[in-house]
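These notes are about the structure you will find just below.
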Amino acid sequence: MSNQSDPDDELSPEAKEILKIILDDTIGLRSVELDSVPPATVPEAE
Amino acid sequence: MMTLADAVKLLARRETSPVELTETVLNRIDTLNEKMRVFITVTRDEALQSARKAEHELAAGHTRPLQGVPVSVKDLYDTQGIRTTAGAKVFADRVPEQDAVAVKMLKDAGAVIVGKTNLHEFAYGVTTINPHYGTARNPWNPDRISGGSSGGSASAVALGLGFGSLGSDTGGSIRIPASLCGIVGLKPTYGRVSLRGVVPLSWSLDHAGPMAQTVQDVAMLFQVIDGEARKYPLAPLTGDIKGIRVGVPRTYFYERLAPEVDGAVGSALKNLEKSGARVFDVDLPRTAVQRGVWLQIASPEVYSFHEPYLKKNANLYSADIRGRIEAGRVLLSMDYVRAQRIRTLMQRECKSVFETVDVIVTPTTPIPAPRIDDVGKPWSSDPEKAATALTRFTRFFNIVGLPAISIPCGFTSEGLPIGMQIVGKPFDESTVLRVAYAYEQDAKWFERRPTP
């Protein structure tokens with residue numbers, strides 16, 4: 001089996017450009033200390 | 001220019017009639033829409049039919065809060081029997097069978113819907129430069145953008161093409177166009193106004209809310225579409241803000257501003273202090289990562305909704321929107337969950353900040369409305385593109401889900417509006433509106449209207 005991806009899965013040049021921006025902005029996220037913090041839910045009133 | 005509150009009063013006193021008011025608005029739309037590209041669909045026949053019904057009810061002594069008041073709805077909200085395009089070619093012939101919940105609430109309150117307003121394609125952008133339905137023009141200068149994605153709604157309100165509008169806001173799409181068009185736009189607390197029947201962009205970041213000329217008008221619309229009105233009733237707008245604690249997050253939210261925006265918001269803060277508010281410096285959390293958090297949450301959610309449409313009709317999307325959506329397909333689920341966990345931290349840390357202040361005040365946008373041709377260019381010596389700059393101060397509050405309003409706080413020397421953002425605690429729209437109203441009544445920027 002080849003590891004080559006399905007040509008349908010290839011991204012357009014526009015998508016690649018956006019993906020680069022997203023991934024550049026993601027680097028900082030990976031260094032945030034999260035311990036056991038769960039994913040967000042709807043905010044609750046005081 | 002007549003406000004929504006004025007229209008309600010005039011109708012109650014029988015000094016005008018729903019049909020007369022609706023015809024005036026429809027005729028004004030006919031005059032201006034070709035040039036300003038504010039509406040995608042004008043619902044003349046349905047509006048006149050609703051106006052006639054409102055007229056009969058008024059004559060019979062039945063009154064409802066917005067009876068006979070002409071308003072518009074962003075073309076992202078489903079409207080029964082009226083096409084709802086979401087600003088997209090993919091949905092050009094989509095006719096919903098039911099009204100969105102918020103639209104039904106407006107209709108139940110007696111409002112007359114005059115049309116569906118233009119927006120950025122699928123609400124995924126802040127310019128409302130729409131390749132399928134035209135560019136919604138800025139009412140103060142048609143060479144400038146109206147902002148987005150609710151650009152048609154904001155421009156319609158500023159031009160008097162209806163007394164209010166419903167917008168939606170995923171990263172600033174109510175507040176940015178409100179700021180750029182010189183009107184008031186409220187993004188309520190996440191979940192407070194129903195999103196049922198609103199074409200989604202990103203489920204966990206989308207907010208529905210009202211736009212109008214004044215704070216009082218926005219409050220009147222909000223009371224009609226508020227899903228939590230019984231639990232959190234709005235306090236009356238008194239203009240009294242003595243003792244209110246205003247937090248000013250100078251780091252990040254007051255950096256890299258156009259000088260005239262800096263000056264206008266600085267003057268507004270002094271104004272609030274003169275009115276009895278106490279102003280404190282505060283720090284909001286995680287500003288360095290907030291853009292990454294938003295992108296990692298929004299991108300996969302957007303792709304998830306669009307996947308079946310892209311598979312069938314990718315050629316009907318504009319290239320840039322298609323690219324932005326497709327990028328969400330290859331992101332890692334690990335990063336989505338990580339972003340949602342950082343979101344929890346941001347919410348907790350904001351809660352701590354709000355133990356020391358009642359509201360937070362920032363500029364809505366760092367720059368006034370850019371020229372249509374300049375949205376993709378750097379806005380100053382700063383390399384940041386103008387369109388990118390527009391979401392810099394708004395998107396944070398979609399992540400944390402807090403209520404936030406944009407109100408006018410001045411004009412540039414070129415006559416372009418400048419907006420100020422006021423943010424409150426979860427479900428405390430009352431305090432947000434209270435502070436906004438006090439400032440508005442003091443500054444009276446709403447008296448200045450555009451002449452297209």
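Tabulated values for the structure
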item: Computed E for residue B:31/residue B:57 - FRET, C-beta separation, R0 22 angstrom, nearest 0.05; result: 0.15
item: Difference of contour (0.36 nm per residue) and Cα-Cα distance, residue B:348 to residue B:245; result: 35.1 nm
item: Summed buried accessible area for A+B [probe radius 1.4 Å, Å², rounded to 100]; result: 2900
item: Pairwise Cα inverse-distance average, inverted: Kirkwood Rh of the stretch B:392-435 (Å); result: 11.5
item: Magnitude of the charge dipole, the stretch B:68-209, Cβ model with Lys/Arg +1 and Asp/Glu -1, debye to 20; result: 140
item: Peptide B:349-355 - average C-beta neighbours from other chains (10 Å radius); result: 1
item: Nearest-10 value in Å² for the accessible area of residue B:14, using the 1.4 Å probe; result: 150
item: Cα-based Rg of the protein assembly as shown normalised by 2.2 N^0.38 Å, two decimals; result: 0.93
item: The protein assembly as shown, helix-only ellipticity at 222 nm - DSSP H runs n ≥ 4, -39,500 (n - 2.57), divided by all residues, nearest 500; result: -12000 deg cm²/dmol
item: Computed over the stretch B:323-400, the ratio Rg/Rh where both radii use C-alpha atoms and Rh is Kirkwood; result: 1.07
item: FRET efficiency, 1/(1 + (r/R0)^6) with R0 30 Å, evaluated for residue B:238 and residue B:356 via beta carbons; result: 0.80
item: Heavy atoms of residue B:380: accessible area, 1.4 Å probe, square angstrom to 10; result: 60
item: Projected area averaged over orientations for the stretch B:322-452, convex hull of C-alpha atoms, nm²; result: 11.3
item: Lysines whose Cα lies under 27 Å from that of residue B:35, excluding same-chain neighbours fewer than 8 positions away; result: B:74, B:89, B:116, B:377, B:385
item: Rounded to the nearest 10 Å², the accessible area of residue B:409 at probe 1.4 Å; result: 0
item: Cα-derived Rg to Rh of chain B, Kirkwood definition; result: 0.95
item: Stretch gain in nm, segment residue B:385-residue B:270, where the contour uses 0.36 nm per residue and the Cα spacing is subtracted; result: 38.4 nm
item: Positive-end extreme of charge dipole, chain B - chosen from B:317, B:344, B:165 (charges on Cβ); result: B:344
item: Cα-only Debye scattering, the stretch B:103-164: base-10 log of I(q)/I(0) at q = 0.20, 0.22 Å⁻¹; result: -0.74, -0.84
item: q = 0.16, 0.19 Å⁻¹: log10 I(q)/I(0) that the Debye formula gives for the stretch B:51-150, counting C-alpha atoms only; result: -0.74, -0.91
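The values are calculated or read from the model by the stated rules, or taken from the named source; none is laboratory data. Values in this document were obtained by computation on a predicted structure and should not be read as measured data. Virtual Cβ from ideal backbone geometry, glycine too; neighbours counted across all protein chains shown. Note: accessible area is taken over every heavy atom of the protein model, side chains too, but ligands, DNA and RNA are not part of it. Shrake-Rupley method; radii C 1.70, N 1.55, O 1.52, S 1.80 Å.
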